[in-house]
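Everything on this sheet refers to the single structure shown next.
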Amino acid sequence: MRSETEVNHAIEEYADMVRRICFYYLKNHTDTEDVFQNVFLKYMLHDKPFHDKEHEKAWLIRVAINACKDHLKSFFRRNTVTLEAINEMTAEIPEEHREVMEAVLSLPDKYKDPIYLHYYEGYSAAEIGKILSKKENTIYSLLSRGRNILKGKLGGEGIDE
């Protein structure tokens, strides 16, 4: 592990370069700052000596590029939606479907997730089971109970838990 002095010196010398590389790849200030911190954390934890300043600089460039690429292909980044996109999506829901969507979203998470994945995303019970790390039969039970709660909320025959 590197000393605080070494890390501070590297940050002073290479911070602008690393930020520019990160911003070039990520095109987002928030993600750039996240990856920037990770790069210098890796630098701090890297205990092998560098041959010279050029080797150190090249190492930081390579780590920054790889960290950006990792961030771009991360599960979290691929599977999140911005709040603006959600607002646009809810605006696109026809008025006659809005009540159903609000009822689905008001379900407890254990029912909401399977209902949403099944009816809105088109996943089978087996696929939902893999996604949520639950047995397929558990998913069938959750779907059944969730539908029953929805019937109660939407004025059909159902038992509201």
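The values are calculated or read from the model by the stated rules, or taken from the named source; none is laboratory data. The shown structure was predicted, so the numbers you read here are calculated from the model rather than taken from an experiment. Counting neighbours? That spans all protein chains shown, and the Cβs are built from the backbone with ideal geometry, glycine included. In case anyone asks, the SASA skips ligands and DNA or RNA and just uses the protein heavy atoms, side chains included. Shrake-Rupley method; radii C 1.70, N 1.55, O 1.52, S 1.80 Å.
Miscellaneous remarks
- Residue identified as surrounded by 10 or more Cβ atoms within 10 Å (Cβ to Cβ), among the charged types (D, E, K, R) and modelled with pLDDT under 90 among LYS57, LYS69, LYS153: LYS153
- Only residues that are open to solvent by 20 Å² or more (accessible area, probe 1.4 Å), farther than 18 Å from ASP70 by Cα, among the hydroxyl-bearing types (Ser, Thr, Tyr) and part of a helix (DSSP H, G or I) were counted in region 1-42, giving 1.
- Every residue from region 43-54 that is touching a residue at least 24 places away in the same chain (Cβ under 8 Å) and open to solvent by 40 Å² or more (accessible area, probe 1.4 Å): MET44, LEU45, HIS46, ASP47
- If you go through region 75-97 and keep only what is at pLDDT 65 or above and surrounded by 12 or more Cβ atoms within 10 Å (Cβ to Cβ), you end up with just ARG77.
- Filter result (open to solvent by 90 Å² or more (accessible area, probe 1.4 Å), under 26 Å from the mean Cα position of the chain (by Cα) and hydroxyl-bearing (Ser, Thr, Tyr)) within region 121-150: SER133
- Tally, over region 134-150, of residues that are closer than 13 Å to ASP113 by Cβ and either at pLDDT below 90 or of a type in the set (D, E, K, R) (or both): 2
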